[in-house]
1. Just one of (1) at pLDDT 75 or above; (2) farther than 23 Å from Ala106 by Cβ; (3) surrounded by 12 or more Cβ atoms within 10 Å (Cβ to Cβ) trips up Gly73, so point out which.
2. Quick check on the stretch 39-62. Is at least one of its residues surrounded by 13 or more Cβ atoms within 10 Å (Cβ to Cβ), modelled with pLDDT of 80 or more and not in a loop (DSSP other than H, G, I, E, B)?
3. Out of all the residues in the stretch 136-144, is one or more under 26 Å from Gln42 (Cα atoms), in contact with a strand residue (DSSP E or B) (Cβ under 6 Å, 6 or more places away or on another chain) and surrounded by fewer than 17 Cβ atoms within 10 Å (Cβ to Cβ)?
4. Name the residue, out of Phe105, Phe92, Phe68, that is open to solvent by 70 Å² or more (accessible area, probe 1.4 Å) and outside any helix (DSSP H, G or I).
5. All but one of (1) under 29 Å from the mean Cα position of the chain (by Cα); (2) touching a residue at least 24 places away in the same chain (Cβ under 8 Å) hold for Cys212; state the number of the condition that does not hold.
6. Would you call Glu167 more than 24 Å from Thr47 (Cα to Cα), of a type in the set (Asp, Glu) and not in a helix (DSSP H, G or I)?
7. Restricting attention to the stretch 3-35, which residues are open to solvent by 90 Å² or more (accessible area, probe 1.4 Å) and of a type in the set (S, T, N, Q)?
8. Going by the structure shown, is Glu83 open to solvent by less than 80 Å² (accessible area, probe 1.4 Å) and at pLDDT 80 or above?
Amino acid sequence: MPTDVDAGRSDLELGDGWTRRWTVSWRTGGDDASCSVHDLVQEPVLTSDPMRHFTWRRDQRHRPGLQFLTSTGRHHGAESLEESRVLLALDFAGDVVSQPLKISFATCGKRRAHTPDYLAVTRRGVWLIDVRPEPLIKEADRESFAAAAEVAVACGWRYAVAARWREHAFAGLDAMASRRRLRSDPLGLRPVLLAEAGGGRRFGELAAATGCEPVARAQLLHLLWSRQLGIDLAGPLQDRSLVLPAEEASR
């Protein structure tokens, strides 16, 4: 769930012409580039490389790693378990860039820099996203988040800080992800499930309709993960969840 960032705006220098004074830098093919916020919308930052490398060492307190996304067909970096969870959710969104750009912004009396965690291209627009558990957010973080939000608005993007999860959300994502590598279908259940889902069926009813419910449940999770079927992730994943063909779920 996102958190409010307005509290961090008070010290930002947002007077006339601020979009020309604030700058943004990114990296593509090993080369660095930069421009003003005013010109950012014309630049190819949606295909940029990560601004930092995702490194590991024995004494670090966070858990970095690489996570494969079905939607992009490649690995994406995460610097913590919380970021890995957000990546799992973004796998249902579209294209994703990790650590896409660095924002250099002005506050009262000093200049600061901030690197947002993700830039995601979705069916509902482009999202600039930061990830920080709510108890760990400090005042300096709120200022950085507010600056990132202003840059997003200037570019016509949307912005969010992923600070906490709804109780049900990650359980459903994790259940589907557990079956993402299910390669075989020896009982031929997938065509049956796809046909039975036409027009919409409840998850439990759909699994029971095959005559082999335990195996059908695993195949259903795989079909949901691979976007062949769709479900509303705003609610818990349960037997009464409505399952739809992918083309109907995306409307």
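The values are calculated or read from the model by the stated rules, or taken from the named source; none is laboratory data. Everything quoted here is computed from the prediction, not taken from an experiment. Counting neighbours? That spans all protein chains shown, and the Cβs are built from the backbone with ideal geometry, glycine included. Areas reflect the complete protein model, heavy atoms only, side chains present, ligands, DNA and RNA absent. Shrake-Rupley method; radii C 1.70, N 1.55, O 1.52, S 1.80 Å.
1. Going through the list (1) at pLDDT 75 or above; (2) farther than 23 Å from Ala106 by Cβ; (3) surrounded by 12 or more Cβ atoms within 10 Å (Cβ to Cβ), Gly73 breaks only (3).
2. Scanning the stretch 39-62, I find at least one residue that is surrounded by 13 or more Cβ atoms within 10 Å (Cβ to Cβ), modelled with pLDDT of 80 or more and not in a loop (DSSP other than H, G, I, E, B), so the answer is yes.
3. As a first pass, look at the stretch 136-144 and keep what is under 26 Å from Gln42 (Cα atoms): 143-144.
The next check asks that each one be in contact with a strand residue (DSSP E or B) (Cβ under 6 Å, 6 or more places away or on another chain); those that pass are 144.
Narrowing the set further to residues that are surrounded by fewer than 17 Cβ atoms within 10 Å (Cβ to Cβ) leaves none.
No.
4. On the way: Phe105 fails: open to solvent by 70 Å² or more (accessible area, probe 1.4 Å); Phe92 fails: open to solvent by 70 Å² or more (accessible area, probe 1.4 Å).
Every option except Phe68 fails the conditions.
5. Tallying (1) under 29 Å from the mean Cα position of the chain (by Cα); (2) touching a residue at least 24 places away in the same chain (Cβ under 8 Å), Cys212 fails exactly one: (1).
6. Details: more than 24 Å from Thr47 (Cα to Cα): yes; of a type in the set (Asp, Glu): yes; not in a helix (DSSP H, G or I): yes.
Spelling it out, Glu167 is indeed more than 24 Å from Thr47 (Cα to Cα), of a type in the set (Asp, Glu) and not in a helix (DSSP H, G or I).
7. Of all residues in the stretch 3-35, those open to solvent by 90 Å² or more (accessible area, probe 1.4 Å) come to 4, 6, 9-10, 16, 20-21, 31-32.
Residue satisfying the conditions is Ser10 alone.
8. The answer is yes for Glu83.
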